[in-house]
Amino acid sequence: MPPETQPFGVFLRGPPQNDPSDGNPSPAAKRTVKKTLIIDESSLDNPDLGPFLLKMARDTIASGENPEKALDFAIRASKSFERVSGPDLDLATCLHVVAAIYSSLGRLDEAVEALEQSIVMLDSENGSDHALAKFSGYMQLGDTYSMSGKLDRSILCYESGLKVQMDVLGKSDPRVAETCRYLAEAHVQAMQFDEAENFCKKTLEIHREHCSPASLTEAADRRLMALICEAKGDYEPALEHLVLASMSMIANGQDNEVAAIDVSIGDIYASLYRFDEAVFAYQKALTVFKSTKGESHSSVALVYIRLADLYYKTGKLRESKSYCENALRIYSKPAPGITAGEIASGLTEISAIYEALNEPEEALKLLQKAVKLLEDIPGQYRTVAGIEAQMGVMFYMVARYMDAWKSFENAIIKLRASGEKKSVFFGVVLNQMGLACIQLYKIGDAATHFEEAREILEREYGTYHSDTLGVYSNLAATYDAMGRVEDAIEILEYILKMREEKLGTAHPEVDDEKKRLFELLKEAGRVRNKKGKSLENLIDSNSLKMKKEGKKRWGAFGFRT
């Protein structure tokens, strides 16, 4: 599900409740006709029953009553529609409600089944009503996949929905722009920034055609485009979009939104090493947030974190830690309205600063709290996996190798389940898992992880990328420790060739590779040292730590959490 959006099922309230085991209604239920409605199966042929039961389901949802009862009404309604009119628009619409209730109960597989059934029975050639219902089904199915962490499937559903919508409404309808924006946000969440930029450009083009200059709608589009440009490292265009968005917000009297944009502008200035301008932007936003939202609001905590990171970068460590503590005080006693997700995100960012301040134990405590806050929230699989992977790195740094192995294992399981097994992120996690395995003398497992990481990074980054070559180095060292000397030599010769082509023969890194290869060739010419000396010597030291991005909002392994 794209950032800051909610599926229909989110609005279905109330935990599941069990009916009495003896099958007899309770006194309270007897007083509530809706909860005790008995339907004879033969009456399902009544054409008025389906709409009546569907209304009962919607009324039960709206009242916040037992969602299991709402589900019962909706399923009975779908049976009635199926008997009376067969697979048509009414049944498809009813199945959308059934799926939404399943989602609210955490029964996502059943929700997917209901939505797929509804999509199949609708034919866009039967009119715009059928087409738009099919569009709605695709979008709801995308949300459901997103809630289960399957972003690739989610995006495919959104794209199918967009195609249906454009076929009915045309390519420049404002509603098409909203769907394009939704897709842009989904691609941002999946870190597919080129695709996100294309969809955001389409959104801007359509809104320019239909909206007045400097509209709030265009400002929102520009903020999203700025986020995408920043993620790609295109800071100047990002700054331009933010300034234009800020001007639109000022013209419309949106002071709080102007302050939020100022925070983003501060981020860009920090990335450009224009630290004085960044401080000014942050302080300006902080003043507005304190006066309009109160000193304990999450927006205030966010600015404190930005300032903490900025002061760390400029060497003002005391001020950095002080701002971290200010933010933690807000999160320790959260004001009404602060979500668990906001707190977890803030704790993760503060953890990165504590790690930089060489306080790994405190950083680990914050990450553990963040995981605990997020683990029961639907759609957070990838975020939790990223935090667990970062915990693995930190456990590794303090020589708690078994804890590191467990954290990486948890992250890998979640990433595989959520369809991330082909991403760069997954490849980096596999590499780190391999290093943890080496420390635990699980050499065979290490080789398996390095081999999978090599395949992913070679495909996504190419053979010349430093991360790809780093994995090759780790794999060579592992093969050598396993006694596969010829395989290790072959890999080192390949690495040396790649580095010579990219860096030239006189580069220091090329000299290092030559020395490593010479050492292995020398060992291969005599009796092997069974103590695995070469594993320590050959392992790529650059991969023992994950690369840290300069911005605190980039979480584990350089990705947003």
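The values are calculated or read from the model by the stated rules, or taken from the named source; none is laboratory data. Just so it is clear, the model here is predicted, and its values are computed rather than measured. A quick note on method: Cβ atoms are made from the backbone with ideal geometry, for glycine too, and the neighbour counts reach across all protein chains shown. Accessible surface is based on the protein model in full, side chains and every heavy atom, while ligands, DNA and RNA are left aside. Shrake-Rupley method; radii C 1.70, N 1.55, O 1.52, S 1.80 Å.
Can you tell me which residue among Thr203, Thr217, Thr179 is closer than 27 Å to Glu159 by Cβ, touching a His at 6+ places or on another chain (Cβ under 7 Å) and not small (Gly, Ala, Ser)? Reasoning before the result, please.
Details: Thr203 fails: touching a His at 6+ places or on another chain (Cβ under 7 Å); Thr179 fails: touching a His at 6+ places or on another chain (Cβ under 7 Å).
Sole residue among the options that is closer than 27 Å to Glu159 by Cβ, touching a His at 6+ places or on another chain (Cβ under 7 Å) and not small (Gly, Ala, Ser): Thr217.
One residue stands out in the stretch 333-373 among those that are assigned to a loop (DSSP other than H, G, I, E, B) and of a type in the set (A, V, I, L, M): the one that is modelled with the highest pLDDT, namely Leu357.
Of all the residues in the stretch 147-184, those that are of a type in the set (Gly, Ala, Ser), open to solvent by 10 Å² or more (accessible area, probe 1.4 Å) and free of Cβ contacts under 8 Å to residues at least 40 places away in the same chain number 3.
The conditions are (1) touching a residue at least 12 places away in the same chain (Cβ under 8 Å); (2) over 33 Å from the mean Cα position of the chain (by Cα), and Thr93 fails exactly one of them. Which is it? Thr93 satisfies all of (1) touching a residue at least 12 places away in the same chain (Cβ under 8 Å); (2) over 33 Å from the mean Cα position of the chain (by Cα) except (2).
Inside the stretch 366-397, residues that are touching a Leu at 6+ places or on another chain (Cβ under 8 Å) and aliphatic (A, V, I, L, M) make up a count of 9. Criterion applied to Arg76, Arg107 was being touching a residue at least 12 places away in the same chain (Cβ under 8 Å) and of a type in the set (Lys, Arg), and the one residue passing it is Arg76.
Output the residue which, of all residues in the stretch 326-342 that are of a type in the set (A, V, I, L, M, F, W, C), under 24 Å from the mean Cα position of the chain (by Cα) and open to solvent by 20 Å² or more (accessible area, probe 1.4 Å), is nearest to Val279 (Cα to Cα). Per the criteria, the residue is Leu328. State whether one or more residues within the stretch 169-182 are farther than 28 Å from Arg274 by Cα, part of a helix (DSSP H, G or I) and either of a type in the set (Asp, Glu) or touching a strand residue (DSSP E or B) at 6+ places or on another chain (Cβ under 7 Å) (or both). For the stretch 169-182, residues farther than 28 Å from Arg274 by Cα, part of a helix (DSSP H, G or I) and either of a type in the set (Asp, Glu) or touching a strand residue (DSSP E or B) at 6+ places or on another chain (Cβ under 7 Å) (or both): present.
Listed here are the helices (runs of 4 or more DSSP H) enclosed by the stretch 35-146 that have at least 3 residues being out of contact with any Leu (no Cβ under 7 Å at 6 or more places or on another chain), of a type in the set (Lys, Arg) and surrounded by fewer than 22 Cβ atoms within 10 Å (Cβ to Cβ), and there are none. Note on the stretch 219-228: residues that are open to solvent by less than 50 Å² (accessible area, probe 1.4 Å) and basic (Lys, Arg) total 1.
Take the residues in the stretch 459-484 that are open to solvent by less than 40 Å² (accessible area, probe 1.4 Å) and of a type in the set (Phe, Trp, Tyr); name whichever of them is farthest from the chain's Cα centre (by Cα). Only one residue fits best here, namely Tyr479.
Considered as a group, the residues in the stretch 378-395 that are in contact with a Ser or Thr (Cβ under 8 Å, 6 or more places away or on another chain) and assigned to a loop (DSSP other than H, G, I, E, B) include one that is least open to solvent (accessible area, probe 1.4 Å), and that residue is Gly379.
Can Arg459 be described as free of Cβ contacts under 8 Å to residues at least 24 places away in the same chain and under 23 Å from Lys150 (Cα atoms)? Step through it out loud before you land on a result.
On the way: free of Cβ contacts under 8 Å to residues at least 24 places away in the same chain: no; under 23 Å from Lys150 (Cα atoms): yes.
No, not satisfied.
Taken over the stretch 64-116, residues that are at pLDDT 90 or above, over 21 Å from Met139 (Cβ atoms) and β-branched (Val, Ile, Thr) amount to 1. Helices (runs of 4 or more DSSP H) fully within the stretch 229-325 that include at least 3 residues being open to solvent by less than 70 Å² (accessible area, probe 1.4 Å), under 30 Å from Glu197 (Cα atoms) and touching a Leu at 6+ places or on another chain (Cβ under 6 Å): 255-271.
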